[in-house]
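What follows draws every value from the coordinates through simple rules; no lab data is involved. Everything numeric in this text was worked out from a predicted model, so none of it was measured. As a convention, Cβ positions derive from the backbone with ideal geometry for all residues, glycine included, and neighbour counts pool all protein chains shown.
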């Protein structure tokens, strides 16, 4: 009988996959041999890619063979750090996947089924459970997939995405060159960037780096769910991911969470990581829904980042009434889980900062200052109980693709209605008034239509708050948008 809590495999087949899964189901912590030994493969990849680059530099006479050999030795420690970094992020991704094994089980099941149908995966060969076995686990309180099984699914996900991206023009886009440059150790970035564009594995390196990052940080099902819900390509989703990462400066937040390793409870870090993923999910869908394909990565970052960055600072102070109380309570909840207050506040701003994309977009289309738009937007958000309705939408089931699509449609209809109402208030009231006064004046001018919407909200409160009730209420809010626009 195993008495150890954690198993790491120092070589291939230290355990069978069946043994790993059984051990994990009994509460043991284990991945797979190819995860635990991936540093060796990663080191070899770095070695090959670095030598290809330096061979070109030597061939052009910019570096002697002796200097090249000395440089290789000089970079040993940094390459080791880069490899360990890759492995750290991969292991963290598996931990986060396990934390959501039960809640995302329907998605994992659909993903495995789709990989099977496309001929990419043999479930039996890879030791993945049948649909019936997954259901039995859930009913027995064992959750969904285990970490060893997630490791297999992650590998297939990355391979599938890499094939798709290599067949797309994404690796050739101007912004992607920085991905290639940042892959290499510091001395090469500082001295030999001009040779990188001609690297014969340039496209493969860019693809591998992006796929690893998106899966490790966004999650194993991140791209799959976005493609399933929007119908766009994996390349479109990855472009949108890069924009969101830069617009919301997520690298800084990830680093802040990582700096707390072994200092705060893992569950507290997990809570923050999952909230970042929630923002990624929603913001990526906003971009692919509101922009043409292919997304202009550099252009969108330049367009959105200044306004979002400006509004994120002190965002919690922009809310009103019950929504301000909800935001404060959410911060306190994170602190109670063990998250330091400064990080909890940053996380709160991020969670409630998704709507800033609509604020910045409305500012651009109306020619208004982002602060002016934000003032009206958050007053309206409180008036129409947007945060409460979003919570109701999030509580809806997502057992299948159609339920997932219905949730997404309701959420974005609500945000779109709020943005449209904001534009109506801005266009029909004087800018000299305070946001609350502008909204009050607009409400007075549209009192009949707004009264109908208030009645619909009261009726919703008396309902079960299910999909049907939410759909009817959202229809009434959309009708309000049309009515007030026509009146204006």
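At-a-glance table
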quantity	calculated
The chain: projected area of the alpha-carbon convex hull, averaged over directions, in nm²	26.2 nm²
Three-way shape label, the stretch 1-59, alpha-carbon gyration tensor, a/c 1.5	prolate
Separation of the residue 67 and residue 298 label points, Cα + 7 Å toward Cβ, nm	3.0 nm
Computed log₁₀ I(q)/I(0) - Debye formula, equal Cα scatterers, no solvent, the stretch 358-488, q 0.10, 0.14, 0.18, 0.19 Å⁻¹	-0.33, -0.63, -0.97, -1.06
Sites residue 258 and residue 428, calculated FRET efficiency, Cβ-Cβ separation with R0 35 Å, nearest 0.05	0.15
Taking the stretch 358-488 and dividing mean pair separation by its residue count, relative contact order in percent (alpha carbons under 8 Å, at least six apart)	28 percent
C-alpha center-to-center spacing [the stretch 38-75, the stretch 271-336] in angstrom	41 Å
The stretch 186-241 and the stretch 451-467: distance between their alpha carbon centers, rounded to Å	45 Å
Full-extension gain in nm, residue 139 to residue 59, via 0.36 nm per residue minus C-alpha separation	22.5 nm
Computed lengthening from residue 190 to residue 440, 0.36 nm per intervening residue step minus Cα-Cα distance	84.2 nm
Prolate/oblate/rounded call for the stretch 106-218, Cα gyration tensor, a/c under 1.5 rounded	prolate
Ellipsoid semi-axes in whole angstrom, largest first, where each is sqrt(5λ) of the Cα gyration tensor of the stretch 1-108	40, 16, 11
Estimated FRET transfer efficiency when R0 is 41 angstrom, pair residue 114-residue 26 (beta carbons, to 0.05)	0.85
Rough spin-label spacing in nm, given labels placed 7 Å along Cα→Cβ, for residue 182 and residue 122	3.9 nm
Length-normalised contact order for the chain - Cα pairs under 8 Å, 6+ apart - percent	11 percent
Sequence of 323, 437, 22 once ranked by neighbouring C-beta atoms within 10 Å, starting from the fewest	437, 22, 323
Extension gain, residue 471 back to residue 400 (0.36 nm per residue minus Cα-Cα distance, nm)	23.7 nm
Estimated inter-spin distance, residue 80 and residue 391, nm [label 7 Å along Cα→Cβ]	5.1 nm
Whole-angstrom gap from the stretch 86-111 to the stretch 373-433, using each part's C-alpha centre	30 Å
Estimated Rh, the stretch 305-416: Kirkwood, alpha-carbon pairs, angstrom	15.1 Å
Over 20 Å [Cα-Cα, the stretch 241-366], rounded percent	45 percent
Förster radius 45 Å - calculated FRET efficiency between residue 447 and residue 364 (Cβ-Cβ, nearest 0.05)	0.90
